[in-house]
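In what follows, a single structure is set out as structure tokens and then discussed.
The values are calculated or read from the model by the stated rules, or taken from the named source; none is laboratory data. These numbers were taken from a predicted model, which means no experiment stands behind them. Please note: Cβ atoms are built from the backbone with ideal geometry, for glycine as well, and neighbour counts cover all protein chains shown. In case anyone asks, the SASA skips ligands and DNA or RNA and just uses the protein heavy atoms, side chains included. Shrake-Rupley method; radii C 1.70, N 1.55, O 1.52, S 1.80 Å.
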Amino acid sequence: MKVIISKDYDELSKKAADFFEERFDKIKVLGLATGSTPIGLYKQLIKRVEDGKISFKDKYSVNLDEYIGLPIGHKESYREFMNDNLFNHVDIDIKNTNVPFAKDVDDISACEKYDSIIDGLGGVDVQVLGVGENGHIAFNEPDSELNYNTSIIKLTDSTINANSRFFDSYDDVPKYAISMGVGKIMEAKEIILLANGKKKADAIRSLLEGDKITCNSPVTLLKLHPNVTVFIDEELNNAL
Ligand code: GLP
């Protein structure tokens, strides 16, 4: 596993964008993430499209997850997040972008459909990941068992609290989500994980220190992947 330490969030975002620029022509399917962490990377990618350095024409994307229960078009839905922070500003064909959507917590067919979309595209070439403070990846929460495939997840209090900053209150945060499973994430040919700030220290410590792999910190599964690059900032590195 490669670890790249940047002096701050801005540099981290630029280095992650450099990583993409270097191999962009070879990428067909991008695995994309939401959360505040990849916003700087997306800004950089938009700039590089504007500068003519990269193009999203003929690219496909699959996103990791989506809340359940938000009306279509809700500003905090991950589909809106992706449209606002990336898709509306680059030359991607919106029909080639995929964000999972489950109409309710029993919508198992939405999970199967999403996995067949990923398989039909031939899998993900490069997957972008953030990490939750509790070590979750996508919405795969710490638990005694994890799902290989896309599934419906009950969010933990830690995640609802962390994400309540985007909503008016804790009560407004959806309690369930549809999420790509850890197996599907691990099938990506290459993975980049972005994390900044000392809040992520426990999660990143579980990944970078020791050789334990545990469902209590799903990010530790990345130790099993042959091609992972971790981008962190100095603040986080100093807290490890
Ligand atoms: C969310 C998302 C994750 C994301 C994580 C961290 O709950 N489901 O994909 O990595 O939380 O978010 P942030 O980048 O805002 O810290």
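General observations
- Against the list (1) within 16 Å of the ligand (Cβ to nearest atom); (2) open to solvent by less than 40 Å² (accessible area, probe 1.4 Å); (3) assigned to a loop (DSSP other than H, G, I, E, B); (4) on the phi < 0 side of the Ramachandran plot, the condition Ser36 fails is (2).
- The condition of being open to solvent by less than 80 Å² (accessible area, probe 1.4 Å), away from the ligand (no atom under 14 Å from the Cβ), touching a residue at least 24 places away in the same chain (Cβ under 8 Å) and of a type outside the set (Ser, Thr, Tyr) holds for only one of Gly183, Gly197, that being Gly183.
- Condition met for Lys223 (at pLDDT 95 or above, farther than 24 Å from Asp115 by Cα and basic (Lys, Arg)): no
- The set of residues in the range 225-239 being touching a helix residue (DSSP H, G or I) at 6+ places or on another chain (Cβ under 7 Å) and open to solvent by 60 Å² or more (accessible area, probe 1.4 Å) consists of Glu235 alone.
- Taking the criterion of being closer than 20 Å to Gly31 by Cα and assigned to a loop (DSSP other than H, G, I, E, B), the residues of the range 69-83 that qualify are Glu76, Ser77.
- Taking the criterion of being within 16 Å of the ligand (Cβ to nearest atom), among the acidic types (Asp, Glu) and in a helix (DSSP H, G or I), the only residue of the range 3-33 that qualifies is Asp10.
- For the range 51-69, a residue qualifies if it is open to solvent by 30 Å² or more (accessible area, probe 1.4 Å) and either under 12 Å from the mean Cα position of the chain (by Cα) or not hydroxyl-bearing (Ser, Thr, Tyr) (or both), and the qualifying residues are Asp51, Gly52, Lys53, Lys57, Asp58, Gly69.
- Check on Phe56, more than 14 Å from the ligand (Cβ to nearest atom) and modelled with pLDDT of 95 or more: yes
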